[in-house]
Amino acid sequence: GAVVSQHPSRVICKSGTSVKIECRSLDFQATTMFWYRQFPKQSLMLMATSNEGSKATYEQGVEKDKFLINHASLTLSTLTVTSAHPEDSSFYICSAYIPRGTEAFFGQGTRLTVV
Amino acid sequence: QKEVEQNSGPLSVPEGAIASLNCTYSDRGSQSFFWYRQYSGKSPELIMSIYSNGDKEDGRFTAQLNKASQYVSLLIRDSQPSDSATYLCAVSPTGGGNKLTFGTGTQLKVEL
C-alpha cells in the first residue's frame with residue numbers, strides 16, 4: 001500500500017539553528033504534500049501545501065521565511081525550520097495522497113525539540 | 001469559532017462495550033469526512049472515511065454522517081484495550097481540495 005516516510009522521527013537542536021525534515025512518498029508520486037504541526041493536547045494544524053515544481057502555499061499566520069518548504073521532486077518534500085526557537089518545539093507531520101486518491105496518508109511525524 | 005468540534009474526553013468504556021465518538025462541523029458545504037486514530041507520540045492512522053449521508057460499516061467500526069445536522073460519528077463495537085487512543089475527526093472543507101481541518105480529538109480509554 002501507499003507509504004509516506006518522514007525523517008527524522010526525533011530531533012533536538014539548539015535555539016537559533018535550522019532543522020530540515022524530509023517527507024517521501026515511497027511507492028507513488030505526489031505532486032502535492034501537506035505539512036501539519038501539532039502541539040501537545042491540540043489538533044493538527046495545517047501549515048502549508050507543498051507543490052512540486054512551484055512555491056508552497058502557506059496558511060494564514062505561518063511565516064514562509066521561517067518554515068521553508070521545497071518540493072523538488074515528485075517523491076520528496078522538505079520542511080526547514082530556520083532560526084528555531086523553543087516555541088517551535090512541536091510534532092511536525094506530513095501527508096500525501098496517492099494519485100486520484102481521496103484519503104490522506106501520513107508520515108511517521110517528527111518530534112522537534114528546541115533547547 | 002472552531003470549524004470541527006469534538007469532546008476532548010476522556011471517554012471511558014469497559015472492554016467489549018460500544019464506544020460512541022461524535023463530531024460536529026461548521027462548513028455546511030463540506031464533502032469528505034474522516035476518522036483517524038492517533039496513539040500517543042504517533043502520527044494519525046486512517047480508520048474510516050465517509051462521503052454520503054447514512055452509515056458505513058467496516059469491521060467493528062461504523063461511521064455515521066448527517067449532513068443536515070452537520071454531524072459525523074464513529075461507533076466502535078466490542079471495544080478492545082488496543083482501541084485506547086485519541087480519535088481525530090477530519091473534514092475536507094468546501095473548495096479546500098485535499099486540505100483537511102481536524103478536530104482536537106477525543107481520547108478513548110477502554111478499560112479491562
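The values are calculated or read from the model by the stated rules, or taken from the named source; none is laboratory data. All of these numbers come straight from a predicted model, not from anything done at the bench. So basically every Cβ, Gly included, is an ideal-geometry build from the backbone, and we count neighbours across all protein chains shown. Heads up: the accessible areas ignore ligands, DNA and RNA and are worked out on the full protein's heavy atoms, side chains in. Shrake-Rupley method; radii C 1.70, N 1.55, O 1.52, S 1.80 Å.
Here are some notes:
- Qualifying trypsin sites (Lys or Arg not before Pro) in the stretch B:1-37, where qualification requires a DSSP coil assignment and no more than 12 other C-beta atoms within 10 Å, comprise B:Lys2, B:Arg28.
- Cβ distances below 4.7 Å define possible disulfide partners, and in chain A the cysteines left without one are A:Cys13.
- Built amide H within the under 5 Å cut-off of B:Ala85, gap 5+: B:Leu108
- For A:Cys94, residues with placed amide H under 5 Å, excluding near neighbours: A:Tyr36, A:Gly107, A:Gly109
- Length-normalised contact order for the stretch B:1-59 - Cα pairs under 8 Å, 6+ apart - percent: 25 percent
- From phi via Karplus (6.51, -1.76, 1.60), per-residue ³J(HN,Hα) for the stretch A:82-96 in Hz, x at Gly/Pro: 9, 6, 5, 10, x, 5, 7, 4, 5, 9, 9, 10, 10, 9, 8
- Coordinate range along principal axes, alpha carbons of the protein assembly as shown, Å, largest first: 49, 37, 36
- Annotation: A:Ile69 carries an accessible surface of approximately 30 Å², with a 1.4 Å probe and no ligand, DNA or RNA atoms counted.
- For the stretch A:70-115, accessible area lost to neighbouring protein chains reaches 50 Å² or more, against the chain alone with a 1.4 Å probe, at A:Tyr97, A:Glu103, A:Phe106.
- Whole-angstrom gap from the stretch A:1-27 to the stretch A:29-83, using each part's C-alpha centre: 12 Å
- From phi via Karplus (6.51, -1.76, 1.60), per-residue ³J(HN,Hα) for the stretch B:35-52 in Hz, x at Gly/Pro: 10, 10, 10, 10, 7, 4, x, 10, 8, x, 10, 5, 9, 8, 10, 8, 10, 10
- The loop-placed trypsin sites (Lys or Arg not before Pro) in the stretch A:5-54, going by DSSP, that have at most 13 neighbouring Cβ atoms within 10 Å of their Cβ come out as A:Lys14, A:Lys41.
- Per residue accessible area in Å² of the stretch A:41-115, where ligands, DNA and RNA are left out and the probe is 1.4 Å: 49 Å²
- Close amide H contacts of A:Glu59 (hydrogens built in the peptide plane, cut-off under 5 Å, sequence separation of 5 or more or a different chain): A:Ala48, A:Thr49.
- Accessible area of chain B belonging to carbon and sulfur atoms, whole % at 1.4 Å probe: 46 percent
- Taking B:Ala17, B:Ala90, B:Ala68 as the candidate residues, the one with maximal mean-square fluctuation in a Gaussian network model of chain B, Cα springs under 10 Å, is B:Ala68.
- Interface between chains A and B: roughly 1400 Å² of accessible area buried, both sides summed (probe 1.4 Å, protein heavy atoms only).
- Based on protein heavy atoms only, chain B ends up with 47 Å² per residue of surface accessible to a 1.4 Å probe.
- Percent antiparallel among DSSP beta bridges (both partners in the protein assembly as shown, rounded to 5): 90 percent
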